[in-house]
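Right, one structure below, let's go through it.
Rule-based calculations on the coordinates, nothing more; no lab input. Note that the structure is predicted; figures quoted are calculated from it, not measured. Please note: Cβ atoms are built from the backbone with ideal geometry, for glycine as well, and neighbour counts cover all protein chains shown.
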Amino acid sequence: MNQLGIHALVWVTDWTDESIQYAADKSAQIGFDLIEAVIFDPAEARPAQTAKALARAGIGCVTGMALNPGADISSPDPTVARKGEQFIADAIAATRDMGSKLLGGVTHSAMHRYLDAPHPGVRQQLIDIYGRLAERARAAGVRLGIEAVNRYESYVVNTLDDAALIVKAVDSDALFIHMDTYHMNIEEHAVADTIRRNQAYIGHMHIGESHRGYLGTGSVDFPATFRALADVAYQGPIVFEAFSPAVLNADVANALAAWRSHWTSSEDLARHSLEYMRAQLGAAQGSLAARTPFAYRYAA
């Protein structure tokens, strides 16, 4: 059974004691199984406070992060690459201390617009660094994700196949592919096919619409996506993600290019997203049952 979650940025931008409890409580009240906490800076992640708020709300947690130009493991500058590796190592520790076992996000490069193609040695550099980080993650009891994002937010991991190349090369079950329908809608040739092709490595999923608003009102083919999830028996978390300047502060809104308000009510959006995901999962399971031969489905 998939755990359904919601991204913290639907509720809040900052991560104070008050905002942590608010986001956890609202997520639990609506019926989500977990919330995805964002680690903008591991030193300000407040893991102890987060763990307490989660316990009070009775809700689980995963974490997400993104590197920045000054801390980027894909950088040809060794100092910048080392800072990126340390950032991820610290985020792994914060994730562990929150009580979470999963850290996803843009861990492979800075989340910004690169003006040049990646340098020739970038793939091997990432494999080497992820090899060390996988050992750190395993020791912490945390799995580390590699989120494929669009070409305007990374220059090195844009598709699930890109992420799979690294996961396969490192060959550690502490690493996984983090998929996101918003980015896949831009970069993948066939979303269902790439899910089926990379099913063994997928460990986390973001559900987001093409315009970052209400699910089912944009161009993402959610029925086909959820049918593919059912076909491969995906059991990992599914987290709804949407951004609006109605909630975000200016710095975060600018970083995400979230300048238009496709929604203004966090609560209405959250309720709709949970109902939508449940409906899509149910429809996909029903479709799978209808397509599975009777004798196979009910064989002892």
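Is any residue of segment 165-179 close enough, with backbone N under 18 Å, to a label point placed 7 angstrom from the Cα of R138 along the Cα-Cβ axis, and if so, which?
Those under the cut-off are 166-177.
Gaussian network model of the chain, Cα springs within a sub-10 Å range: biggest mean-square fluctuation belongs to which of G141, G64, G105?
Result for the chain, Cα springs under 10 Å: G141 fluctuates most.
When the chain is treated as a GNM, springs tying every alpha-carbon pair under 10 Å, which of V167, V239, V80 comes out with the largest mean-square fluctuation?
Looking only at V167, V239, V80, the largest GNM fluctuation is found for V80.
Rounded to the nearest 0.05, what FRET efficiency do D97 and A289 have when you use their Cβ-Cβ distance and R0 = 41 Å?
Efficiency for this residue pair is about 0.50.
Give the Rg (one decimal place) followed by the Dmax (whole number) of segment 4-297, computed from C-alpha coordinates and expressed in Å.
Cα only, segment 4-297: 18.3, 60 Å (Rg, Dmax).
On a straight-distance basis, which lysines could pair with K52 in a cross-link, Cα separation under 30 angstrom, same-chain partners fewer than 8 positions away excluded?
Cα-Cα hits under 30 Å: K26, K83, K101.
For a quick check, take a GNM of the chain with Cα springs below 10 Å and name the residue from G121, G208, G31 with the largest mean-square fluctuation.
Result: G121 has the largest fluctuation of those listed.
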